[in-house]
Amino acid sequence: MSTNQFGKKGWTPERLGNLSGKTYLVTGANTGAGFEASKILLSKGAEVVMLNRNETKSAKAISDLKAELGPNVKVSFIKMDLAELASVRNAAAEVIKKASKIDALICNAAIAQVPTQKFTKDGFESQLGVNHYGHFLLCGLLYNRIEESNGRIVVVGSEGYKMGIKTIQSDDMNWDKNYNPMNTYCHSKLAQMMFAYELQDRIRSANKNVKVYVCHPGASATSLIKTSGGLRDRIIFGLMSMTPLVQSAEKGAYPEVMCATEEEENLNQKAYYGPTGRMQWTGPVGECKLEPHAQDKAIATKLWAVSEKETSFKWNF
Ligand SMILES: NC(=O)c1ccc[n+]([C@@H]2O[C@H](COP(=O)([O-])OP(=O)(O)OC[C@H]3O[C@@H](n4cnc5c(N)ncnc54)[C@H](OP(=O)(O)O)[C@@H]3O)[C@@H](O)[C@H]2O)c1
């Protein structure tokens, strides 16, 4: 068994120092792992800009954070619906105006196991559209600001990348022929991870310094399945959440906070970070086993081209 580089307990927020002066952007930060990640970052003095789709939930999240951490914590919200490319463009423009630096953009928001085939405003299968295309465009639009800041991009993947079809269904990205709530979710999370590893290569070829890290929260008790999943999956996950198979949302936030903050020399871009215990669902946070299909260069190159075409966005390094 390999030993955890961060010790027996793995990475925990105890490793964090003072983060004042740092600015973190978190997508989907009003609940779940994104909310907990924001709380940890704020508690260490960082500024957090939440990119959320729902104004009411965001106002509540901000008031809860201020009630717990104090009225002066630097937390704000920009409205962004990843299911609409125009909304992503507007949000990115607002970020550029408001955030003079970005130490890390944490791509955390997602929907999962949507029971029937649905489409985003731009006509993409909903899980691929929200989880991958929306973040692909957001990262591209904010890339220059992240680069100027010597910042990072953190992509929150999922153990689902190794379930489902384990590749990108490039002849039917919308799953018109074989829609399946779980397989299609897994496809979208694999796409996010492949995008991240491909982005690292492109940044390196351009001699640029932005770092991109990939992590996952294991199995965490969040609203993910409750919000977007079907009744059967909601019941199953609700029951599982009462067992030790599932950890707290707070623990689920550790890998993304680690990837946003840990010293560069302690992280490896080609790695995959998350809980290292049973099934990689819970346990000490560290480097997890990664299956090679997540770094298949030919598939990633093709996915990149499709993503640029579908989002009408050409990356410029
Ligand atoms: N929980 C797990 O066991 C698990 C396992 C593997 C991977 N993950 C990954 O962990 C990450 C965090 O998820 P979570 O478990 O914390 O789920 P969560 O509690 O449901 O949080 C997801 C967040 O994403 C937001 N979101 C959904 N659709 C959006 C859209 N169209 N535009 C903008 N924001 C949107 C949600 O907003 P609303 O509140 O408005 O819905 C919410 O803030 C996701 O990337 C997920 O794939 C989770």
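The figures follow:
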quantity: Scope the range 129-185; condition part of a strand (DSSP E or B) and either within 11 Å of the ligand (Cβ to nearest atom) or touching a Cys at 6+ places or on another chain (Cβ under 6 Å) (or both); matching residues; calculated: 153, 154, 155, 156
quantity: Conditions (1) crowded, with 19+ Cβ neighbours inside 10 Å; (2) in contact (Cβ under 8 Å) with a residue 40 or more places away in the chain; (3) not in a loop (DSSP other than H, G, I, E, B): number failed by residue 96; calculated: (1)
quantity: Complete set of residues in the range 53-87 that are in contact with a strand residue (DSSP E or B) (Cβ under 6 Å, 6 or more places away or on another chain) and away from the ligand (no atom under 12 Å from the Cβ); calculated: 62, 65, 74, 75, 76
quantity: Test: residue in the range 29-36 that is hydrophobic (A, V, I, L, M, F, W, C), in contact with a Leu (Cβ under 9 Å, 6 or more places away or on another chain), assigned to a loop (DSSP other than H, G, I, E, B) and within 14 Å of residue 73 (Cα to Cα); calculated: no
quantity: Residue match in the range 208-229 (condition: among the small types (Gly, Ala, Ser), free of Cβ contacts under 8 Å to residues at least 40 places away in the same chain, within 12 Å of the ligand (Cβ to nearest atom) and over 20 Å from residue 299 (Cβ atoms)); calculated: yes
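Each row is one residue, and each column tells you yes or no for (1) surrounded by 21 or more Cβ atoms within 10 Å (Cβ to Cβ); (2) without any contact (Cβ under 8 Å) to a residue 24 or more places away in the chain; (3) closer than 18 Å to residue 310 by Cα; (4) within 12 Å of the chain's Cα centre (by Cα).
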residue	(1), (2), (3), (4)
127	yes, no, yes, no
132	yes, no, yes, yes
135	yes, no, yes, yes
143	yes, no, no, no
155	yes, no, no, yes
159	no, no, no, no
162	no, no, no, no
171	no, yes, yes, no
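Every residue, every condition in (1) surrounded by 15 or more Cβ atoms within 10 Å (Cβ to Cβ); (2) assigned to a strand (DSSP E or B); (3) in contact (Cβ under 8 Å) with a residue 12 or more places away in the chain, yes or no:
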site: 8; (1), (2), (3): no, no, yes
site: 49; (1), (2), (3): yes, yes, yes
site: 59; (1), (2), (3): no, no, yes
site: 62; (1), (2), (3): yes, no, yes
site: 72; (1), (2), (3): no, no, no
site: 81; (1), (2), (3): yes, no, yes
site: 112; (1), (2), (3): yes, no, yes
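Every number here is computed from the coordinates shown, using simple stated rules; none is lab data. Values in this document were obtained by computation on a predicted structure and should not be read as measured data. Backbone-built Cβ (ideal geometry, glycine too); neighbour counts: all protein chains shown.
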